[in-house]
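The values are calculated or read from the model by the stated rules, or taken from the named source; none is laboratory data. Being a predicted model, the structure only gives us computed values, none of them experimental. We place every Cβ from the backbone using ideal geometry, glycine too, and count neighbours over all the protein chains shown. Side chains are part of the model used for accessible areas, which takes the heavy atoms of the whole protein and leaves out ligands, DNA and RNA. Shrake-Rupley method; radii C 1.70, N 1.55, O 1.52, S 1.80 Å.
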Amino acid sequence: MTDKKMIIWLVDDDEDDRSFFIEGLESLDVNFELREFVNGREPLSFFDANSDIIPDIIFLDLNMPVMNGTECLELIRSHKTLKNVIVAMYSTSSSGLDIQCCYEKGANLYVIKPNRFQDLKNCMQKILSMNWSDFLCNFQKEHFILKT
């Protein structure tokens with residue numbers, strides 16, 4: 001794909017979901033550096049202490065302790081340095097209300113966590129190889145939810 005190392009943050013309190021995500025990511029031909037966080041407060045605290053490390057993309061779960069995904073998303077979008085980082089909500093929820101809330105709060109994409117490994121790989125491949133500037137410039141709401 002590319003020689004540039006992609007900086008990916010995964011924010012998810014479920015250890016099994018994080019392991020599954022990492023397994024899918026490692027199966028792809030992607031040069032990446034991954035940071036894992038277990039609640040919405042951790043990536044913001046990490047960034048405050050390491051402001052030179054700006055992720056290329058954040059995968060953000062909705063339902064977490066301490067600070068949930070929508071609260072974290074709001075803080076990311078109001079942060080002067082992080083506000084333009086690509087944020088893909090990554091959740092088991094297929095609730096229309098959750099999806100609409102994430103859309104309104106500024107997420108770039110909503111991904112319902114795949115259950116099958118091949119679906120996860122396909123999903124990750126699609127997201128990590130997207131031309132994000134083109135996607136964002138020509139954004140259409142019907143493309144907000146990534147179908148696996």
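Some points to look at:
- Restricting the first member to region 12-41 and to residues that are in a helix (DSSP H, G or I), and the second to residues that are among the basic types (K, R) and open to solvent by 30 Å² or more (accessible area, probe 1.4 Å), the beta-carbon pairs closer than 7 Å and six or more apart or on different chains are G24/K121.
- Residues being in contact with a Cys (Cβ under 6 Å, 6 or more places away or on another chain) and closer than 21 Å to P114 by Cβ are represented in region 81-92 by at least one member.
- Of D48, D98, D16, all but one fail to be under 16 Å from the mean Cα position of the chain (by Cα) and acidic (D, E); the exception is D98.
- Filter result for N131 (closer than 22 Å to K4 by Cα and out of contact with any Asp or Glu (no Cβ under 7 Å at 6 or more places or on another chain)): yes
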